[in-house]
Each structure stands twice: as structure tokens, then as C-alpha cells.
Amino acid sequence: MDLPINYFKQALKSDQPQYGLWMGLPDTICAEIGASAGFDWVLVDAEHAPYSVRDVHNHLQAIAPYNVPAIVRPAEGRTALLKQLLDIGAQTLLVPMVDTAEQAKQLVQDVLYPPDGIRGLGTSMSRAARWNRVDNYLHRANEEICLLVQVETTIALQNLDEIAAVDGIDGIFFGPSDLSASMGHIGNPEHPDVISAIESGFKTILAAGKAVGILAVDQSLVRHYVEKGACFVGVGVDVALLSNATRKLANQFKKITSDLEQAGY
């Protein structure tokens, strides 16, 4: 059996921006709906949404038939947790709250097998290795691992040069919401100071030869960040899409009642 190719990792090397969907609804039907919508990638968000490792496993299974790359964002960059996520089949991880090069170096160690890293071996129980059915999995798995780290504090911005220089980091992702809070503009990720800091960060990362990513659901802002060099962009969140659509629908019909009352019916 052959090792699955990480098409997202390959796409980061292209000139085409990759647009993705954030998944926060821990239901596999929602996962299938999102995975079959036509996005370039989807992300299972186990940082803020209520996903267990088993839930992530189920999501990866549900997404697999649709041939869309799946990124997993864990709650934290803990060595044992990253090992579990890799073993259930995640090939691309987006680790939140990475503030220093030391953290980034440790994450590289965590996700790679020896001699390049310290990832523990347990392939007989590993979906990633197809339970020891993937030929030479232990010798080839490192090639398909993609590690993304998330910059979302002023401390991380101060250390961005060093973080971007870490070998084994494939891309750096900006979290505008947390970054805006760290900069004193909580709830305002589109504040000019925040956008300026992100643009400056883009230049640093691109100069280091790494891929740049961001979450931006406003179309004009997405265009702006792509023009500045973003190559993987989260453009929607399933929870927000459902929330906004249902509220809009409810308000539409409430307006009918209001209009009828004003007309005297």
C-alpha cells in the first residue's frame, strides 16, 4: 500500500493561492458537506471547537473520500497530542500560539520520526500507516508531514525572524483576532495597526522562503492579503456560515410580519 501524498504541502510551492474552509461543527455530515464544496483545503479546528481526538479521527475519515487536503489545528502544541493526531492520519498540523523559535524547533522535533525528530513509533495501531500496511511508512512519513505554526501575539511578532528561520517549518499563519487582542485592539482584527503588522510579517516570512497564511472572511480583505503574498487563506467558517444564514432567514420572515402590520393587515 502506498503512502498518501500531502497535496496541500505540494500546493504551498505553487503560485496559486489555496482557499480553505474552517470546520468547527464536530459532526461528520457537516464535514462531508464542507469537504465536497470545492475548497482547496479544509481545517478541523480542535483548538476552539469541541473536538476530541476521536472526533478528529472521525472527521478525517469523513473527509477522505472527497480528495481535499485536511489540516488539523490542535488545542495546543503538546508532544503527546501531536503524536496522536499524526497517528490517526493528519499530515498537516497548524499549531496555535507559537511565540518563539525554541517552540517552533520543538514542534519540528515532535512531528518527525528519528533521526530528524522524536515522534514515537506505534504504527501497528496507526491509521496513518494503515496499520503497518503502508510500505516503508517509517522511512517515508516525514516527507509528507507539513508543519504550520500560528503567529498571534506581539511576542511572536518580535521573534518572527527567528521563527521563520527554523528548518522544518513549512508555513506561518497569522491569527488576526488574537493578534488584535495582543496589540490592544480586541475585537477589531481589521484595525489599521493590525493589518500593518500582518503585512510587515508577510514580508519577513516570504523573505525566509516560507509560505504565508491567514484567516480572512471579507472578500476585499482576502484579495488584499493575497496581493501581499498570502498563499493559503481561510475564507469561511462553517459555524459562522450557519449562524449568519439562519439569522438572515429568520429576520427575512419576521420582516414580512412587520411589513404586514404596518400596512394594516
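We did not get these values from a lab; they are worked out from the coordinates using the rules stated. Keep in mind the model is a prediction, meaning the values are calculated, not measured. Positions of Cβ are generated from backbone atoms using ideal geometry, with glycine treated the same way; all protein chains shown enter the neighbour counts.
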> Want the number for Ile29 to Lys254: 0.36 nm per residue separation, take away the alpha-carbon distance, what's left?
Replying inline: 78.0 nm
>> Can you return the lysines within cross-link range of Lys105? Criterion is Cα-Cα under 21 Å, with same-chain partners fewer than 8 residues away left out.
In response: Lys9, Lys83, Lys210
>> Need the C-alpha centroid separation for the stretch 200-238 versus the stretch 1-63, integer Å.
In response: 18 Å
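Only Cα pairs under 8 Å and at least 6 apart count here; give the relative contact order of the chain as a rounded whole percent. Write down the numbers at each step before the final one.
Values: 466 pairs, mean separation 50.5, N = 265.
That works out to 19 percent.
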> Which of Val222, Pro189, Gly20 sits farthest toward the positive end of the charge dipole of the stretch 7-262, with +1 on the Cβ of Lys and Arg and -1 on the Cβ of Asp and Glu?
Replying inline: Gly20
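To the nearest 20 debye, what is the magnitude of the charge dipole of the stretch 139-243 about its Cα centre, counting +1 on the Cβ of each Lys and Arg and -1 on the Cβ of each Asp and Glu? It would help to have the intermediate numbers written out before the result.
Values: 5 positive and 14 negative charges, 32 e Å.
Using only the charged Cβ atoms, the result is roughly 160 debye.
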> Roughly how big is the stretch 7-262's charge dipole about its Cα centre, with Cβ charges of +1 (Lys, Arg) and -1 (Asp, Glu), in debye to the nearest 20?
Replying inline: 580 debye
> Any idea which of Leu249, Asn132, Tyr7 is furthest toward the positive side of the dipole for the chain, if Lys and Arg beta-carbons carry +1 and Asp and Glu beta-carbons -1?
Replying inline: Asn132
> Relative contact order (percent) for the stretch 127-265, with alpha-carbon contacts under 8 angstrom and 6 or more residues of separation?
Replying inline: 17 percent
> Along the charge dipole of the stretch 7-262, which of Val233, Ile29, Phe202 sits closest to the positive end, that is, farthest toward it, with unit charges on the beta carbon of Lys, Arg, Asp and Glu (+1, +1, -1, -1)?
Replying inline: Ile29
>> Suppose a student asked you for the relative contact order of the stretch 28-151, using Cα pairs under 8 Å spaced at least 6 residues apart; what percent would you report?
In response: 23 percent
>> Sort 246-256, 193-203 by packing, meaning the average of other beta carbons within 10 Å per residue, with the highest value first.
In response: 193-203, 246-256
>> If the only charges are +1 at each Lys and Arg Cβ and -1 at each Asp and Glu Cβ, what is the size of the charge dipole of the stretch 79-146 around the Cα centre, to the nearest 20 debye?
In response: 300 debye
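How do the peptides 116-127, 82-93, 224-235 rank, highest first, by the average count of neighbouring beta carbon atoms within 10 Å per residue?
On the way: 116-127: 14.7, 82-93: 21.8, 224-235: 19.2.
Final packing ranking: 82-93, 224-235, 116-127.
Report the trypsin sites (Lys or Arg not before Pro) located in the stretch 1-57 that are in a DSSP loop and have at most 15 other Cβ atoms inside 10 Å of their Cβ, or state none.
Values: sites: Lys9, Lys13, Arg54; in loops: Lys13.
Loop-located and lightly packed - Lys13.
Assuming 0.36 nm per residue, please report the length gained on full extension of the stretch Asn136 to His224 beyond their Cα-Cα distance.
27.4 nm
Rounded to the nearest 500, what is the chain's calculated 222 nm mean residue ellipticity when only DSSP H runs of at least 4 contribute -39500 (n - 2.57) each, over all residues?
Values: 12 runs with 119 residues, N = 265.
Calculated mean residue ellipticity at 222 nm is -13000 deg cm²/dmol.
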> Rounded to the nearest 0.05, what FRET efficiency do Asn67 and Asp15 have when you use their Cβ-Cβ distance and R0 = 25 Å?
Replying inline: 0.70
